[in-house]
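First comes the structure, then the notes that go with it.
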Amino acid sequence: MILYLGLGANLGEREKTLRQAIERVKKIPAVKLLRVSSFYETEPWGVVGQPHYLNAAIKISSSLEPLDLLDALQKIEADLGRVRRLRWEARIIDIDILYGAKISCERLTVPHKFLFDRDFALVPLAEIFPSFKFKLHGDEVIRVKGSPTDFNFKLVACVDKNFGLGRGEKLLFKIPDDMKNFRRLTLGNTIIFGRKTLETFPNQKPLDGRRNILLSRTVEKISGAEIVGGVEELFGVLNSAQKNFVIGGEEIFNELIPYASEIFLTVVDVEAEADKFFPAVDEFVLRGAENFGGFEFRRYTR
């Protein structure tokens, strides 16, 4: 089941809270985060005299029963500090199921019964759902920085024809032209990787000429690299003005692909014996492919 959620916050560290909420939605069992909108600042709706909101929308797939998903979302709200008192009051976080499968029961109505009255919900939803049809009401909705998508993650990998990445602890391919292309893309920029990818580097050392960020909860220190323990912490050290390349492995790609803006794949025209795979690129559009006989360079964007 594909669903679109709306998120809003007008108390506390709004950007940080929205990013935390999105990450926690991503970690709900049987839920997959597919796409994330920009953040938008809006005036409060329903009750005046409150701080301005930040709003966002996300696209998910879920095999949960709708009320089980609702319970999981409300738990995230509570864990992040929301206390429910008055209707439309200021809040540290709000997560609504906006659109998707039609649902009608005492606790939940989808589409959300106020969706088509609220520009603050419609504008971010339209960003991640281009075919969505709606009419705006002229409310001020201003795109602002702070969304994970503003870090412009670019995923880079070399895969076989089935998008296989590796087998065991080893990469499937070492193609000189691919390695030159990788260097051309990443030199002078930030690279983000996991411990197992680090072990595939020459001498298992960070790469020169790039800012190296190791995403790991077990490694404590390594010369030439910054270590962060999770995605929420990663957002705190990145610079949105930089180009941030995600280079593996499988787990890191799956963590960050919902936030990615581009994918660069070298696709080798063989079927290797892989047990690690690049995630599906269904949410992206193939923008170009350059064939070199036996492999091709592909570029995907949102």
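The values are calculated or read from the model by the stated rules, or taken from the named source; none is laboratory data. Just so you know, these numbers come straight off a predicted model, no measurement behind them. Note that we place each Cβ from the backbone using ideal geometry, even for glycine, and neighbour counts take in every protein chain shown.
Restricting to region 26-56, name every residue that is over 30 Å from LEU256 (Cα atoms) and acidic (Asp, Glu). Answer for region 26-56, where residues must be over 30 Å from LEU256 (Cα atoms) and acidic (Asp, Glu): just GLU43.
Exactly one residue out of PHE292, PHE245 is in contact with a strand residue (DSSP E or B) (Cβ under 7 Å, 6 or more places away or on another chain), in the same structural domain as LYS161 (by TED's automatic domain parsing) and not acidic (Asp, Glu), and it is PHE245.
Identification of strands (runs of 3 or more DSSP E) wholly contained in region 130-181 with 2 or more residues that are within 28 Å of THR197 (Cβ to Cβ) and under 20 Å from the mean Cα position of the chain (by Cα) yields 153-159. Can we say PRO202 is closer than 17 Å to ARG183 by Cα and loosely packed, with under 12 Cβ neighbours inside 10 Å? It is true that PRO202 is closer than 17 Å to ARG183 by Cα and loosely packed, with under 12 Cβ neighbours inside 10 Å.
Is there a residue in region 184-194 that is in contact with a helix residue (DSSP H, G or I) (Cβ under 6 Å, 6 or more places away or on another chain) and either surrounded by fewer than 19 Cβ atoms within 10 Å (Cβ to Cβ) or farther than 30 Å from ASN10 by Cα (or both)? Yes, there is a match, as at least one residue in region 184-194 is in contact with a helix residue (DSSP H, G or I) (Cβ under 6 Å, 6 or more places away or on another chain) and either surrounded by fewer than 19 Cβ atoms within 10 Å (Cβ to Cβ) or farther than 30 Å from ASN10 by Cα (or both). Against the numbered list (1) surrounded by 15 or more Cβ atoms within 10 Å (Cβ to Cβ); (2) in contact (Cβ under 8 Å) with a residue 60 or more places away in the chain; (3) touching a strand residue (DSSP E or B) at 6+ places or on another chain (Cβ under 6 Å), SER61 comes up short only at (1).
The conditions of being in contact with a helix residue (DSSP H, G or I) (Cβ under 6 Å, 6 or more places away or on another chain) and more than 28 Å from GLU65 (Cβ to Cβ) are not met by LEU115. For first residues located in region 164-192 and within 16 Å of GLU251 (Cβ to Cβ), partners that are in a helix (DSSP H, G or I) and lie 6+ apart or on another chain with Cβ distances below 8 Å form the pairs LEU165/GLU250; LEU165/PHE253; GLY166/GLU250; GLU169/LYS196; ILE192/LEU234; ILE192/ILE252; ILE192/LEU256. In region 1-30, the residue that is farthest from the chain's Cα centre (by Cα) out of those that are outside any helix (DSSP H, G or I) and buried (at least 21 other Cβ atoms within 10 Å of the Cβ) is ASN10.
If you scan region 248-263, which residues turn out to be in contact with a helix residue (DSSP H, G or I) (Cβ under 6 Å, 6 or more places away or on another chain) and part of a strand (DSSP E or B)? If the condition is that a residue be in contact with a helix residue (DSSP H, G or I) (Cβ under 6 Å, 6 or more places away or on another chain) and part of a strand (DSSP E or B), then GLY248 is the only one that fits. Filter region 257-299 for residues that are in contact (Cβ under 8 Å) with a residue 12 or more places away in the chain, within 22 Å of LEU171 (Cα to Cα) and not hydrophobic (A, V, I, L, M, F, W, C) and give the result. If the condition is that a residue be in contact (Cβ under 8 Å) with a residue 12 or more places away in the chain, within 22 Å of LEU171 (Cα to Cα) and not hydrophobic (A, V, I, L, M, F, W, C), then GLU262, THR266, ASP269, GLU271, GLU273, ASP275, LYS276, PRO279, GLY294, GLU296, ARG298, ARG299 are the ones that fit. Inside region 268-302, can you point out the residues that are of a type in the set (Val, Ile, Thr), in a loop (DSSP other than H, G, I, E, B) and exposed (fewer than 15 other Cβ atoms within 10 Å of the Cβ)? Of everything in region 268-302, just one residue is of a type in the set (Val, Ile, Thr), in a loop (DSSP other than H, G, I, E, B) and exposed (fewer than 15 other Cβ atoms within 10 Å of the Cβ), namely VAL270. Quick check on PRO44: is it in contact with a His (Cβ under 9 Å, 6 or more places away or on another chain) and either of a type in the set (S, T, N, Q) or farther than 17 Å from ILE128 by Cα (or both)? It is true that PRO44 is in contact with a His (Cβ under 9 Å, 6 or more places away or on another chain) and either of a type in the set (S, T, N, Q) or farther than 17 Å from ILE128 by Cα (or both). Of the candidates PRO111, PRO124, PRO148, the single residue that is more than 30 Å from GLU250 (Cα to Cα), surrounded by 14 or more Cβ atoms within 10 Å (Cβ to Cβ) and at pLDDT 90 or above is PRO111.
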